[in-house]
Amino acid sequence: MFGVSFSVSSVLRGFNPKGGGEVKLTIDPVRELSPVDITVRGTVTSVAVDVYMCGTLPSSLGERCLHAAQRMVERRFTDSKVPVKSTLHRDEDSSGSGWGLCISAKTSSNCIITACGNGNPKKKPEQLASETAEQLIRDIDEGGCVDVHMQDQIIILMGLATGVSRVRTGPLTMHTKTAIHVVELLTDAQFSVTKDTDCNLGELSYLIECNGIGLKNAYLTD
């Protein structure tokens, strides 16, 4: 994406309020970011349901959440028979005790739509499963190529890239609107947002277009 090669891995999981999580991110430097055209979502081809358990919490919490989430996802894709893979990860090496749920849908055009949630002592595992699965299904039904959390993260990269980038999303979040406003204030990048009336994937789909500033990496030469 944007002409950048990178890898990311989880080193240590951390949970609220203690934190302490750690990830390893490796990025190959580039002279400039290439524009993207992420407007063809395709159809959902597979779904992964992953529950992460850390510390001393009983595995039964994760198992209940995993099974509830899997049932909801399978009901949504009954007609299309999309395969659903469910996995419970037990990791004793963490900065504290906690657990979470991540549901990811992959499409025929290699888009990945993801919804995540963290376990809470005041929330039943089945409730977390329901809320997370509903968010994923909502993102899919709205027709976007990125999920609600990726939506605002991609804005700054579009603004810095060279040329015109186009991304199809669901309804814009306040975070996305704010990101567009701030990037336009800080750079000469220009954004436009239009309702995507030609999209047959969802009635709430929008196209974000940006003519980026083509920022050059001063530490690399052509």
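The values are calculated or read from the model by the stated rules, or taken from the named source; none is laboratory data. No experiment lies behind these values; they were computed from the predicted model shown. Neighbour counts run over all protein chains shown; Cβ positions are idealised from the backbone, glycine included. All accessible areas refer to the heavy atoms of the entire protein, side chains included, with ligands and DNA or RNA removed. Shrake-Rupley method; radii C 1.70, N 1.55, O 1.52, S 1.80 Å.
How large is the accessible surface per residue of the range 1-135, computed with a 1.4 Å probe and reported in Å² as a whole number? Could you put the intermediate results ahead of the total?
Numbers: 7720 Å² over 135 residues.
Roughly 57 Å² per residue, with all protein chains present.
Over the chain, what percent of the accessible surface lies on carbon and sulfur atoms, probe 1.4 Å? Could you put the intermediate results ahead of the total?
Numbers: 6660 of 12550 Å².
C and S atoms contribute 53 percent here.
Can you tell me the FRET efficiency between Asp91 and Glu131 if r is taken as the Cβ-Cβ distance and R0 is 22 Å, rounded to the nearest 0.05? Intermediate values should be presented prior to the final figure.
Details: r = 23 Å, r/R0 = 1.04.
Computed FRET efficiency for Asp91 and Glu131 comes out at 0.45.
Charges at C-beta only: +1 for Lys and Arg, -1 for Asp and Glu. How large is the resulting dipole of the range 45-202 about its Cα centre, in Debye rounded to 20? Let's see the in-between values first.
Details: 16 positive and 19 negative charges, 75 e Å.
About 360 debye.
If the cut-off is a Cα-Cα distance under 18 Å, which lysines reach Lys85, setting aside same-chain residues fewer than 8 apart in sequence?
Qualifying lysines at Cα under 18 Å: Lys106.
State the answer as a single residue: which of Ser192, Thr114, Thr162 lies farthest towards the positive end of the charge dipole of the chain, with beta carbon charges of +1 for Lys and Arg and -1 for Asp and Glu, about the Cα centre.
Thr114
What order do Ser130, Ser9 take when sorted by accessible area (1.4 Å probe), most exposed first?
Numbers: Ser130 35, Ser9 55 Å².
The residues order as Ser9, Ser130, largest area first.
What's the longest piece of the chain with no exposed GluC sites (Glu not before Pro), counting a site as exposed if DSSP puts it in a loop and it has at most 15 other beta carbons within 10 Å?
On the way: sites that count: Glu92, Glu203.
Here the longest segment lacking exposed loop sites spans 93-202.
Using Cα springs under 10 Å in a Gaussian network model of the chain, which residue among Pro125, Pro17, Pro58 shows the largest mean-square fluctuation?
Pro17
Under the rule of -39500 (n - 2.57) per DSSP H run of 4 or more residues, summed and divided by the residues of the chain, what mean residue ellipticity at 222 nm is obtained, to the nearest 500 deg cm²/dmol? Show your work: numbers first, answer last.
Numbers: 5 runs with 58 residues, N = 222.
Value at 222 nm, helices only, nearest 500: -8000 deg cm²/dmol.
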